[in-house]
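Just so you know, all these numbers are worked out from the coordinates, no wet-lab data involved. Here the structure is a predicted model, which is why all the values come from computation and not from measurement. Reconstructed Cβ throughout: ideal geometry from the backbone, glycine too, with neighbour counts over all protein chains shown.
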Amino acid sequence: MSSDLRSEAPGAPADGSRDGLHSELYRDVADFAHDTPGWAHALAEYGTEGGLLVLLALLAAACWRVRRAEPGTLARALLGGVAVAVAYGVSEAVKLVVREERPCRAVAGAPAPIAPCPEPGDWSFPSNHATIAAAAAVAVVLVWRAAAWLVLPLAVLTAFSRVFLGVHYPHDVAAGALLGAAAVLLVTRSAAGPATTVTDRARAGLGRAGPAS
């Protein structure tokens, strides 16, 4: 890779004091990204947001698909949507506590990011995109296992795109993915009983309120 692609990240320490395994992994992915063709860069930039939209749309489709299933299945589907929102909220809270600088500003000697580096104060750890992607994918799989072949690779690619674009460390997306998956499993299992009861009663109420024959 030519040296003119490399630049000191704004605000990065000149002595490379932030260097370590995470920085090296980030540089490796950034070097790989710059060696790929321009269409791959455009695909990653569009895909990083588009992947989330597709995953959330598939979660909505999964909820619709099981709307007439047994109350426990419908409750899990609805709780999956709630868990995605919970996971996002937790990831935002963790960002404010950890306050990790973006690698596109902190890693010395790394290539310039493909996507614009987020503004200062938009912290890096964990990745919100990876959190939402993993949470949505797991929520879909819990009620629509046949869709796993689509949603799981899509979640991985969406998370990886954040490192590929140069705006996250690898450990940011790994932590985000774990957080998202854990949030869905925790919420759907801990609240399954009450949610099933509420769903069952809501269905019974709607049935009684239906038009008379």
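Apply the Karplus parameterisation 6.51 cos²θ - 1.76 cosθ + 1.60, with θ equal to phi minus 60°, to every residue of segment 108-117 and state each ³J(HN,Hα) to the nearest whole Hz, in sequence, with x for glycine and proline.
For segment 108-117, the Karplus curve yields 6, x, 7, x, 4, x, 6, 8, x, 6 Hz.
Given H placed 1.01 Å from N in the peptide plane, which residues other than close sequence neighbours of F125 have an amide H under 5 Å from its amide H?
When sequence neighbours closer than 5 places are left aside, the close amide H contacts are E100.
Per residue Cα convex hull volume for segment 17-196, in cubic angstrom? Please list the in-between numbers first.
On the way: hull volume 19.2 nm³, N = 180.
Cα-based convex hull of segment 17-196, divided per residue, equals 107 Å³.
Step through the residues of segment 177-194 one at a time and calculate ³J(HN,Hα) from phi using the Karplus curve (6.51 cos²θ - 1.76 cosθ + 1.60, θ = phi - 60°), rounding each to whole Hz and writing x for Gly and Pro.
My calculation for segment 177-194 gives 5, 5, 4, x, 5, 5, 4, 5, 5, 5, 5, 5, 7, 6, 10, 4, x, x Hz in order.
Do any trypsin sites (Lys or Arg not before Pro) in segment 89-128 lie in a DSSP loop with no more than 11 other beta carbon atoms within 10 Å, and if so, which?
On the way: sites: K95, R99, R105; in loops: R99.
Passing both the DSSP loop test and the Cβ count: R99.
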